[in-house]
2 protein chains.
Amino acid sequence: MPGEFDFIQWIRTQQKPSELAPLPAGDDLAILKWPEKDLLLVGVDQVLDGVHFDSTVHSPRQIGRKAINRNLSDCAAMGCLPAAAVVTIASPAGTGMDYLKELYLGIKEAGDKFNCEIVGGDTASWPGKLAVTVTILGRSAGIKPITRSGASPLEAIYVTGPLGGSILGRHLTFEPRIDLARQLAKNFRITAMIDLSDGISRDLAHICRESDVGAHVWAKQLPVHQDAIETRRDGRSALDHALHDGEDYELLFTSPDKIPPTIAAAIGMTFRGSGVILRASDGSESPLAPHGWEHTL
Amino acid sequence: MPGEFDFIQWIRTQQKPSELAPLPAGDDLAILKWPEKDLLLVGVDQVLDGVHFDSTVHSPRQIGRKAINRNLSDCAAMGCLPAAAVVTIASPAGTGMDYLKELYLGIKEAGDKFNCEIVGGDTASWPGKLAVTVTILGRSAGIKPITRSGASPLEAIYVTGPLGGSILGRHLTFEPRIDLARQLAKNFRITAMIDLSDGISRDLAHICRESDVGAHVWAKQLPVHQDAIETRRDGRSALDHALHDGEDYELLFTSPDKIPPTIAAAIGMTFRGSGVILRASDGSESPLAPHGWEHTL
């Protein structure tokens, strides 16, 4: 029966030394030569069976891809370049090498697109469900990290793509907006940014709280995804899906600059104050309560 | 019902800005100013309910402490100083804030002992069992990282403490040998090192394979822990426990230097060749097969 060590040996055949990680894997920790002058950005996200994916429906490649892409999307949100990742897999006993290899390749292929190397990890079998955790290391690489706290009143609020209904498939197939984030940061003043993982109602509230501003969202201007129109069969409007569904992984940001609509849609404006206010198509205004995804404990 | 966000807000009250992480938490990624000239060492380990702990027996503080101490022990193995950690918790639905706070405090207190800051994380509830993942960032801080691959033939093999029977409690209460590792590296030529997580039979085989040497282990010289004598009631000898039990978290290393027995016990010698050979008390020799802990997949 193949064990953890066989899997590690196989992973080593997938890796090659690089400028960042000159030594091959095989130690307790990976050794990286961090580029001087670059800030190091670090974060971690997990995907869990029954919450972020369904192992009875989704393939291990899809699961692996989603696990790292959530983290790569965090890099986009900060305007940094991903550099390296470490991965843990907790797998149900009897999962088998072939499944784990597929999972790993899903992670690796998605990382490769952004030159993000998998430099270490830990695999264990257990009497539990599949859980995959990816820790990402990003580097500032010439761009000051963009936080959630830099927005000022009377800035425009933008979003980089249509929203809603990601459950139909985009929550698995989205592409992290890293290149777009870097282009935005190079060409415009981006004062605060976040990636839309929990729904705009919740994620915009994060920016408002951290930046100490309020925000108007104009329903008419909100780009609504075709998937949000499809999912309206559940009785909620397409707008409701666009506002509250999570896992769009588009960028939501503020800027004092006028940004061409071909790049991002202006969906509102910050104001001096607090809270998020939705202006409906009929011109009426009301507080936008966060209905997006939050784990209860 | 308290949610993920309440927990994050509470965690933020536990953190304070530092030289390494000058900005408070609150973004997708933590921003670190990595010390120039320091190599960055990174690794990840998970502890899983039913494998590394038993949530029906062990307290959340004990579980949190073990989760990070396994990683801190990896820092010891490489001779580096821990600097920062990020944490994920996958918790069964309904776990509650109090339990998660205890878990977090277990992690934080153990990290604080070594000035290792918790700079980020991700908490999610799920229909699964408790899993805690800690990613550790270490810095070389004046000592060239010690790998598993530097041993040469005819070097002494040392261990920093008595082995076996950790299941009686030491697997939860061990102290990572970081200070000792740094002292050893400063005062002696340490050519290869590993922390004893999987049992000496397995971990010494790792050093042999990576260094392309063989190793003799002298049964007479092996420091056997009182716990190994206790656990021999299961029918296995105390020596067997000392050789094969995992989770001692003592350091196993090779050196061409004579190291005082008050610091570490000499338990064998490397040779030109391969494999691990045990010399029994009666002088007979036989291959030492790895019986220590390995996850089957």
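The values are calculated or read from the model by the stated rules, or taken from the named source; none is laboratory data. Keep in mind that this is a model prediction, so the values were computed, not measured. Note that each Cβ is placed from the backbone with ideal geometry, even for glycine, and that neighbours are counted across all protein chains shown. Note: accessible area is taken over every heavy atom of the protein model, side chains too, but ligands, DNA and RNA are not part of it. Shrake-Rupley method; radii C 1.70, N 1.55, O 1.52, S 1.80 Å.
B:K113: which lysines have alpha carbons under 20 Å from its alpha carbon, excluding same-chain residues fewer than 8 sequence positions away?
Here the lysines satisfying the reach criterion relative to B:K113 are B:K16, B:K66, B:K101.
Taking the stretch B:196-260, which chymotrypsin sites (Phe, Trp or Tyr not before Pro) meet the DSSP loop condition and have no more than 12 other C-beta atoms within 10 Å? List each step's numbers first, then the result.
Working: sites: B:W218, B:Y249, B:F253; in loops: B:Y249.
Those that pass, being in a loop and sparsely packed, number zero.
How many times 2.2 N^0.38 Å is the alpha carbon radius of gyration of the protein assembly as shown? Could you put the intermediate results ahead of the total?
On the way: Rg = 25.4 Å, N = 594, 2.2 N^0.38 = 24.9 Å.
Rounded to two decimals, the normalised Rg is 1.02.
Averaged across orientations, what area in nm² does the convex hull of the alpha carbons in the stretch A:81-192 project? Can you show the working numbers first?
Working: hull surface 37.7 nm².
One quarter of the hull surface, i.e. the mean projection, equals 9.4 nm².
For the stretch B:205-297, state which trypsin sites (Lys or Arg not before Pro) are in a DSSP loop and have at most 14 other beta carbons lying within 10 Å of their beta carbon. Intermediate results must be reported in sequence, preceding the final value.
Values: sites: B:R209, B:K220, B:R232, B:R233, B:R236, B:K258, B:R272, B:R279; in loops: B:R236, B:K258, B:R272.
Answer in residue order: B:K258, B:R272.
Cα axis of helix A:178-187 to longest principal axis of chain A: angle in degrees, 0 to 90, nearest 10?
Result, in degrees: 50.
Tell me the label-point distance for the pair B:S55, A:R233, using the 7 Å Cα-to-Cβ offset, in nm and rounded to one decimal.
A separation of 3.6 nm, rounded to one decimal place.
Ratio to report: Rg/Rh of the stretch A:223-297, with Cα atoms as the point set and Rh obtained by the Kirkwood method; give two decimals. Intermediate results must be reported in sequence, preceding the final value.
Details: Rg = 14.1 Å, Rh = 14.6 Å.
Using only Cα positions, Rg/Rh for the stretch A:223-297 is 0.97.
For the protein assembly as shown, report the accessible area per residue in Å² (1.4 Å probe, heavy atoms, rounded to an integer).
Values: 23420 Å² over 594 residues.
So the protein assembly as shown comes to 39 Å² accessible per residue, rounded to a whole number.
Give the nm distances, rounded to one decimal, from A:R236 to the matching residue in every other copy, measuring between label points 7 Å along Cα toward the beta carbon; shortest first.
5.2
Given a cut-off of under 8 Å on Cα pairs at least six residues apart, what relative contact order in percent is computed for chain A? Walk me through the numbers on the way to the answer.
Details: 673 pairs, mean separation 61.9, N = 297.
Relative contact order of chain A: 21 percent.
Pop out a list of residues from the stretch B:38-69 that are at least 30 Å² less accessible with all the protein chains around than in their chain alone; 1.4 Å probe, no ligands or nucleic acids counted.
Output list: B:L39, B:L40, B:V42, B:V44, B:Q46, B:L48.
Please arrange B:S201, A:S284 by accessible surface area, largest first, computed with a 1.4 Å probe and ligands excluded. Each step should come with its number before you reach the end.
On the way: B:S201 0, A:S284 60 Å².
From most accessible down to least: A:S284, B:S201.
So what is Rg over Rh here for chain B, counting just Cα atoms and using Kirkwood for Rh? Mind showing how you got there, number by number?
On the way: Rg = 20.2 Å, Rh = 20.2 Å.
Using only Cα positions, Rg/Rh for chain B is 1.00.
Please report the buried accessible area for the interface of B with A, total over both chains, probe 1.4 Å, in Å² to the nearest 100. It would help to have the intermediate numbers written out before the result.
On the way: alone 14850 and 14810 Å², together 23420 Å².
Protein heavy atoms only, the B-A interface buries about 6200 Å².
Under the rule that an exposed site lies in a DSSP loop and has at most 13 other Cβ atoms within 10 Å, name the longest stretch of chain B with no GluC sites (Glu not before Pro) of that kind, not counting the sites themselves. Intermediate values should be presented prior to the final figure.
Numbers: sites that count: B:E19, B:E36.
It runs B:37-297.
In degrees between 0 and 90, to the nearest 10, how far off the longest principal axis of chain A does helix A:4-14 point, with axes built from Cα atoms?
70
Run the accessible area of chain A with a 1.4 Å probe and give the carbon-and-sulfur part as a rounded percent. Spell out each step's value before the answer.
Working: 6080 of 11700 Å².
Using a 1.4 Å probe with all protein chains present, chain A comes out at 52 percent carbon and sulfur.
Could you state, as a whole-number percent, how many of the C-alpha pairs of the stretch A:196-253 are farther apart than 14 Å? Please list the in-between numbers first.
On the way: 911 of 1653 pairs.
Within the stretch A:196-253, distances greater than 14 Å cover 55 percent of Cα pairs.
Based on the Kirkwood radius over alpha-carbon pairs, what is the Stokes-Einstein translational diffusion coefficient of the stretch A:57-137 at 4 °C with 1.567 mPa s viscosity, in µm²/s?
Details: Rh = 12.7 Å.
After rounding, the answer is 102 µm²/s.
Inside 10 Å of the C-beta atoms of B:142-153, what's the mean count of C-beta atoms belonging to other chains? Could the numbers behind the result be given before it?
Details: counts 0, 0, 1, 6, 2, 7, 3, 4, 0, 0, 0, 0.
Average per residue, whole number: 2.
Evaluate the stretch A:1-144: find the radius of gyration of its Cα atoms, find its Kirkwood radius, and give the ratio Rg to Rh. Write down the numbers at each step before the final one.
Working: Rg = 15.1 Å, Rh = 15.5 Å.
Result for the stretch A:1-144 is an Rg/Rh of 0.97.
Per-residue HN-Hα couplings for the stretch B:103-111, Karplus 6.51 cos²θ - 1.76 cosθ + 1.60 at θ = phi - 60°, whole Hz, x for Gly and Pro?
Here the 3J(HN,Hα) series is 4, 4, 5, x, 5, 5, 4, 5, x Hz.
Going by the alpha-carbon gyration tensor, a ≥ b ≥ c the square roots of its eigenvalues, is the stretch B:143-209 rounded (a/c under 1.5) or, if a/c is not under 1.5, prolate (a/b greater than b/c) versus oblate? Walk me through the intermediate numbers first.
Values: a/c = 2.28, a/b = 1.37, b/c = 1.66.
Here the stretch B:143-209 falls in the oblate category.
Can you list the residues of the stretch A:119-136 whose accessible area drops by at least 20 Å² going from the chain on its own to the full set of protein chains, with a 1.4 Å probe?
A:D122, A:A124, A:S125, A:W126, A:P127, A:K129, A:T133, A:T135
Check B:A215: other-chain or 5+ apart residues with amide H under 5 Å from its amide H, H built from backbone geometry?
B:F271, B:G275, B:V276, B:I277
List the trypsin sites (Lys or Arg not before Pro) within the stretch A:11-71 that DSSP assigns to loop and that have no more than 12 neighbouring Cβ atoms inside 10 Å.
Counting only loop positions with at most 12 other Cβ atoms within 10 Å, the trypsin sites (Lys or Arg not before Pro) in the stretch A:11-71 are A:K37.
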